[in-house]
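A quick write-up on the structure given underneath.
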Amino acid sequence: MITHLLTDHTGVEVIGVDLTAPLNDKIKSELIDAFHRHLVLVIRDQNLDAQQMLDAVRLFGEVFAQHNKRFSLADCPQIHYLSNEDHHSDGNRYIPGAGFHTDHSNAPEPPKATVLFARSLPETGGDTQFVNMYSAYDDLSDTIKLKIADLKAVHVYQSRHSTRKLMPLSEESQKDVLDSVVHPLVRTHPETGRKALYINPIRIEAIEGLPEPETLTLLDELLAHATQEKYQYRHKWRLGDLVMWDNRCLLHKANDDYDMTQLRYLYRVMLKGDKPI
Ligand code: SIN
């Protein structure tokens, strides 16, 4: 297994691993270690069907049941698809993941990781951008760190403050998704012990104890700070890439900057996580 860092803070490329073959303990622990150190694992040159992807990601944890079952694959329902070919009921195209967020933070125990496998890509564009929320937190002033240290945010499926409209939950999914959950604005990573900012513009509806105008100003400021280029890794997809990232210490977003007559289609799996603390 050969690895190359993709930036000096986030992302590592892995070459020479075949996820359809049994991996020995040394490779397994190197992959897990690389994931914790570099937060985005880009495993190149994979050739996986849905079931093989599912089997491969179980190396890193248990599969998390994704919320909106309308995107489940018929023959492998724990895998969902991401596609640029779905539309909202008003006819507008739905681009999943466009806008910085962390996945399913409206769950009491949000998924620790998300894994995508590219099946079809546009010729150019459609990158996934990541921001390192450890670094963003570390660089906050002491005054802001003190201010947010004990704040807790209310996360819902679709925040009324979100500028991005999600696809409504399927009827089947509605019963599985809680109305709201509360998570700290700063969380400590259970594996590394590092603190990370934990915000989500799509899902945060309120901050407990703060008036709404102050909440929105604070969240805007934190997002503007966190999404600065210096904290980013921008993944340019290649067919065969399996990309796994750590939702506990990253935000990510999909880009809709490509020719929409070209199909962008990926498989997505999530892995169970802990209650943020
Ligand atoms: C997502 O937010 O899960 C999708 C990211 C992407 O399509 O690049």
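The values are calculated or read from the model by the stated rules, or taken from the named source; none is laboratory data. In this text, all values refer to a predicted model and were calculated from it rather than measured experimentally. Positions of Cβ are generated from backbone atoms using ideal geometry, with glycine treated the same way; all protein chains shown enter the neighbour counts.
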Query raised in the report: When the stretch 237-252 is examined, which residues are found to be near the ligand (Cβ under 10 Å from one of its atoms), crowded, with 21+ Cβ neighbours inside 10 Å and closer than 17 Å to Leu48 by Cβ?
Result: Val243
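Let's see how each residue does on (1) out of contact with any His (no Cβ under 7 Å at 6 or more places or on another chain); (2) modelled with pLDDT under 95; (3) part of a helix (DSSP H, G or I):
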| residue | (1), (2), (3) |
| --- | --- |
| His4 | yes, no, no |
| Val14 | yes, no, no |
| Val17 | yes, no, no |
| Arg37 | yes, no, yes |
| Ser89 | yes, yes, no |
| Ala98 | yes, yes, no |
| His104 | no, no, no |
| Pro108 | yes, no, no |
Query raised in the report: For the stretch 209-228, which residues satisfy the criterion of being within 16 Å of His9 (Cα to Cα) and assigned to a loop (DSSP other than H, G, I, E, B)?
Result: Thr227, Gln228
Query raised in the report: Which residue out of Gln66, Gln78, Gln51 is part of a strand (DSSP E or B) and either surrounded by 20 or more Cβ atoms within 10 Å (Cβ to Cβ) or not aromatic (Phe, Trp, Tyr) (or both)?
Result: Gln78
Requested in this report: Taking the residues in the stretch 253-264 that are near the ligand (Cβ under 10 Å from one of its atoms) and surrounded by fewer than 23 Cβ atoms within 10 Å (Cβ to Cβ) as candidates, determine which candidate is nearest to Leu73 (Cα to Cα).
Outcome: Ala254
**Report entry** Residue satisfying condition, being free of Cβ contacts under 8 Å to residues at least 12 places away in the same chain and within 21 Å of the chain's Cα centre (by Cα), within set Arg70, Arg44, Arg58
**Finding:** Arg58
Requested in this report: Looking only at the stretch 50-103, count how many residues are out of contact with any Asp or Glu (no Cβ under 8 Å at 6 or more places or on another chain), small (Gly, Ala, Ser) and under 23 Å from Gly240 (Cα atoms).
Outcome: 6
Report task. Please determine, by comparing only the residues of the stretch 92-117 that are farther than 16 Å from His252 by Cα and surrounded by fewer than 22 Cβ atoms within 10 Å (Cβ to Cβ), which one is farthest from the ligand (Cβ to nearest atom). Result -> Pro108
Report task. Test Leu54 against the criterion of being in contact with a helix residue (DSSP H, G or I) (Cβ under 7 Å, 6 or more places away or on another chain) and under 14 Å from Val115 (Cα atoms), and give yes or no. Result -> no
Report task. Inspect the stretch 127-140 for any residue being within 16 Å of the ligand (Cβ to nearest atom), outside any strand (DSSP E or B) and surrounded by 14 or more Cβ atoms within 10 Å (Cβ to Cβ) and give the result as yes or no. Result -> yes
Query raised in the report: Which of the residues belonging to the stretch 229-271 are free of Cβ contacts under 8 Å to residues at least 12 places away in the same chain and outside any helix (DSSP H, G or I)?
Result: Thr261
Report task. Please tell me if Asp138 is in contact with a Pro (Cβ under 6 Å, 6 or more places away or on another chain) and either more than 26 Å from Leu263 (Cβ to Cβ) or not polar (S, T, N, Q) (or both). Result -> no
Query raised in the report: Can you spot a residue in the stretch 194-208 that is without any contact (Cβ under 8 Å) to a residue 24 or more places away in the chain and either in a loop (DSSP other than H, G, I, E, B) or under 22 Å from Tyr267 (Cα atoms) (or both)?
Result: no
**Report entry** Failed condition for Glu172, given (1) within 15 Å of Phe130 (Cβ to Cβ); (2) more than 16 Å from the ligand (Cβ to nearest atom); (3) in contact (Cβ under 8 Å) with a residue 60 or more places away in the chain; (4) acidic (Asp, Glu)
**Finding:** (1)
Query raised in the report: Is it the case that Ala118 is closer than 28 Å to Leu19 by Cα and touching a Gly at 6+ places or on another chain (Cβ under 9 Å)?
Result: yes
Report task. Within the stretch 6-43, work out how many residues are hydrophobic (A, V, I, L, M, F, W, C) and loosely packed, with under 14 Cβ neighbours inside 10 Å. Result -> 2
Query raised in the report: Do the conditions hold for Ala98, that is, is it out of contact with any helix residue (DSSP H, G or I) (no Cβ under 8 Å at 6 or more places or on another chain) and free of Cβ contacts under 8 Å to residues at least 40 places away in the same chain?
Result: no
